[in-house]
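Colleague: Here it is: the structure, laid out below.
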Amino acid sequence: MATIPLRLPGHAYEVLIGPGVRTSLAGTVRRLGAARAVVVSARPAEWVPDTGVETLLLPARDGEDDKTLATVQALCGEFVRFGLTRSDVVVSCGGGTTTDVVGLAAALYHRGVPVVHLPTSLLAQVDAAVGGKTAVNLPQGKNLVGTYWQPSAVLCDTDYLATLPPRELRNGYGEIARCHFIGAPDLRGLPLAEQITASVRLKARVVQADERDTGLRHILNYGHTLGHALEKATGYGLRHGEAVAIGTVFAGRLAGALGRIGAARVAEHLDVVRSYGLPTAVPAETGTQALIALMRHDKKASGGLAFALDGPRGAELVGDVPQEVVARVLDAMPRAPLAALVDPVTAGAAPC
Ligand code: GLY
């Protein structure tokens with residue numbers, strides 16, 4: 001088992017990673033001094049360990065469709081009916097969309113109650129559940145409403161991952177692949193638990209340095225500017241990690257076009273993404289101008305187009321990237337039908 005501490009001003013917590021770590025939930029709840037718990041779970045009841053205190057179990061559904069303000073309102077309504085107070089705790093159990101929406105409900109209810117995350121997907125374990133970002137989507141775009149609300153503990157039980165369908169595992173690999181370009185060692189071929197631990201260790205380091213996304217934390221969004229646009233443009237037909245994978249290949253090409261990295265490093269982006277069996281081509285159904293319009297809505301874009309890009313000083317946020325360069329690089333990306341990109345057999349083999 002690995003324990004990764006995250007120390008922030010006025011708040012510290014641990015991320016536990018390993019088989020069976022969910023059974024430490026009762027001890028975690030006891031340490032928090034919580035009298036009662038609301039567990040919001042997108043997984044069967046038997047996946048949720050005992051909290052050791054009086055508990056209300058609320059079913060939830062993973063997926064972008066339920067990542068809305070309406071879900072936050074419904075959850076908070078249930079908290080009121082249960083009589084949840086700031087001396088209690090909220091527990092999320094599910095994938096990244098569930099940890100995001102439950103984290104936001106915990107942040108807003110009574111101006112903040114403690115939350116413990118039990119991420120069950122690879123994507124949530126390596127990224128979404130760690131670092132305190134919470135958000136819901138609006139019809140206009142993804143993650144447009146949210147706040148920072150650090151959890152009191154994150155229990156990444158790797159036993160949960162054994163049940164994941166191949167496409168869901170691949171979804172998590174998209175976030176692991178982008179770690180290669182933002183400061184992680186080469187993780188390819190390592191046992192999965194080691195890849196999760198290294199990804200979380202990197203994220204903890206970045207979040208400790210820049211909790212509120214004013215500088216360094218932007219690098220965690222490597223591949224995400226195009227990724228978010230692709231998710232939206234495909235009606236979430238691409239999963240987040242798949243879209244980030246394509247966005248990572250694009251980020252390499254864009255950094256190359258801007259003269260920030262050489263051809264070998266551009267090619268490394270493709271190699272790494274492909275080695276995880278992830279898609280590398282842009283869906284043929286999406287147009288360059290539509291994607292650029294969506295990228296202008298990105299939270300990092302204050303006017304111009306902004307991307308986390310590799311370069312001589314490592315990855316950093318680059319603002320005001322000329323639209324014609326973005327368009328040229330996007331136009332030059334290989335295209336493939338969405339159906340082929342999301343098929344685990346053909347995804348990593350998309351033409352380049
Ligand atoms: N997922 C990016 C971040 O947590 O900052």
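The values are calculated or read from the model by the stated rules, or taken from the named source; none is laboratory data. Fair warning: this is a prediction, and the values are worked out from it, not measured in the lab. Don't worry about glycine lacking a Cβ; one is built from the backbone with ideal geometry, like all the others, and counts go over all protein chains shown.
Colleague: Residue check: is residue 280 outside any helix (DSSP H, G or I) and surrounded by 24 or more Cβ atoms within 10 Å (Cβ to Cβ)? Step through it out loud before you land on a result.
Modeller: Numbers: outside any helix (DSSP H, G or I): yes; surrounded by 24 or more Cβ atoms within 10 Å (Cβ to Cβ): yes.
Here the answer is yes, as residue 280 does meet what is asked.
Colleague: Yes or no: residue 90 β-branched (Val, Ile, Thr), crowded, with 23+ Cβ neighbours inside 10 Å and away from the ligand (no atom under 15 Å from the Cβ)? Spell out the reasoning first.
Modeller: Values: β-branched (Val, Ile, Thr): yes; crowded, with 23+ Cβ neighbours inside 10 Å: yes; away from the ligand (no atom under 15 Å from the Cβ): yes.
The answer is yes for residue 90.
Colleague: What are the residue pairs meeting all of these: first residue in the range 198-211, first residue in contact (Cβ under 8 Å) with a residue 40 or more places away in the chain and closer than 10 Å to residue 4 by Cα, second residue of a type in the set (Val, Ile, Thr) and part of a helix (DSSP H, G or I), Cβ atoms under 7 Å, and 6 or more apart or on different chains?
Modeller: Short answer, once both residue conditions are applied: 200/126.
Colleague: Restricting attention to the range 116-135, which residues are assigned to a strand (DSSP E or B) and out of contact with any Gly (no Cβ under 6 Å at 6 or more places or on another chain)?
Modeller: Looking only at the range 116-135, we keep the residues that are assigned to a strand (DSSP E or B), and these are 116-119, 133-135.
116, 117, 118, 119, 133, listed by residue number.
Colleague: For the range 11-19, state whether one or more residues are assigned to a helix (DSSP H, G or I) and among the aliphatic types (A, V, I, L, M). Full working, then the answer.
Modeller: Pass one, the range 11-19, residues assigned to a helix (DSSP H, G or I): none.
No - not one qualifying residue is present in the range 11-19.
Colleague: Also, quick follow-up: State which residue is surrounded by the fewest Cβ atoms within 10 Å (Cβ to Cβ) when the search covers only the range 149-175 and only residues that are closer than 30 Å to residue 87 by Cβ and aliphatic (A, V, I, L, M).
Modeller: Across the range 149-175, the extreme among qualifying residues is 153.
Colleague: Residue 213 versus (1) over 14 Å from the mean Cα position of the chain (by Cα); (2) among the charged types (D, E, K, R); (3) away from the ligand (no atom under 14 Å from the Cβ): which is the lone unmet condition?
Modeller: (3)
Quick grid of which residues meet (1) hydroxyl-bearing (Ser, Thr, Tyr); (2) within 25 Å of residue 20 (Cβ to Cβ); (3) at pLDDT below 95:
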residue: 142; (1), (2), (3): no, no, yes
residue: 160; (1), (2), (3): yes, yes, no
residue: 164; (1), (2), (3): no, yes, yes
residue: 201; (1), (2), (3): no, yes, no
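Colleague: Condition (residue is in a helix (DSSP H, G or I) and within 12 Å of the ligand (Cβ to nearest atom)) applied to the range 136-145: is it met by at least one residue? Spell out how you get there, then give the answer.
Modeller: At the first step, the residues of the range 136-145 found to be in a helix (DSSP H, G or I) are none.
No; the residues of the range 136-145 include none that is in a helix (DSSP H, G or I) and within 12 Å of the ligand (Cβ to nearest atom).
Colleague: Moving to a separate point now. Can we say residue 185 is surrounded by fewer than 17 Cβ atoms within 10 Å (Cβ to Cβ) and more than 26 Å from residue 95 (Cβ to Cβ)? Give the steps one after another, and end with the answer.
Modeller: Details: surrounded by fewer than 17 Cβ atoms within 10 Å (Cβ to Cβ): yes; more than 26 Å from residue 95 (Cβ to Cβ): yes.
Answer is yes for this residue.
Colleague: If you check residue 178 against the conditions, is it under 30 Å from residue 108 (Cβ atoms), surrounded by 24 or more Cβ atoms within 10 Å (Cβ to Cβ) and among the basic types (Lys, Arg)?
Modeller: Details: under 30 Å from residue 108 (Cβ atoms): yes; surrounded by 24 or more Cβ atoms within 10 Å (Cβ to Cβ): yes; among the basic types (Lys, Arg): yes.
For residue 178, the condition - under 30 Å from residue 108 (Cβ atoms), surrounded by 24 or more Cβ atoms within 10 Å (Cβ to Cβ) and among the basic types (Lys, Arg) - is met.
Colleague: Run residue 112 past the list (1) under 22 Å from residue 76 (Cβ atoms); (2) modelled with pLDDT of 95 or more; (3) buried (at least 23 other Cβ atoms within 10 Å of the Cβ) and report the number of the one that doesn't hold.
Modeller: Answer for residue 112: the failing condition is (3).
Colleague: Output the residues belonging to the range 190-209 that are more than 9 Å from the ligand (Cβ to nearest atom) and out of contact with any Cys (no Cβ under 8 Å at 6 or more places or on another chain). Quick ask: steps written out before the conclusion?
Modeller: Our first condition is that a residue be more than 9 Å from the ligand (Cβ to nearest atom); within the range 190-209, this holds for 190-202, 204-205, 208-209.
190, 191, 192, 193, 194, 195, 197, 201, 204, 205, 208, 209 - these are the residues of the range 190-209 that are more than 9 Å from the ligand (Cβ to nearest atom) and out of contact with any Cys (no Cβ under 8 Å at 6 or more places or on another chain).
Colleague: Something else: Check 104, 58 and return the single one that is modelled with pLDDT of 95 or more, at negative phi and assigned to a helix (DSSP H, G or I).
Modeller: On the way: 58 fails: assigned to a helix (DSSP H, G or I).
From the options 104, 58, the qualifying one is 104.
Colleague: Give the residues of the range 217-240 that are of a type outside the set (D, E, K, R), more than 10 Å from the ligand (Cβ to nearest atom) and assigned to a helix (DSSP H, G or I), sorted by residue number.
Modeller: Taking the range 217-240 as the starting set, the residues that turn out to be of a type outside the set (D, E, K, R) are 218-230, 233-238, 240.
Those still in the list that are more than 10 Å from the ligand (Cβ to nearest atom) too: 223, 225-230, 233-238.
Passing the criteria: 225, 226, 227, 228, 229, 230, 233.
Colleague: Just to be sure before I move on: is residue 99 in a helix (DSSP H, G or I) and either in contact with a Gly (Cβ under 7 Å, 6 or more places away or on another chain) or within 16 Å of the ligand (Cβ to nearest atom) (or both) in the structure I sent?
Modeller: Details: in a helix (DSSP H, G or I): yes; either in contact with a Gly (Cβ under 7 Å, 6 or more places away or on another chain) or within 16 Å of the ligand (Cβ to nearest atom) (or both): yes.
The answer is yes for residue 99.
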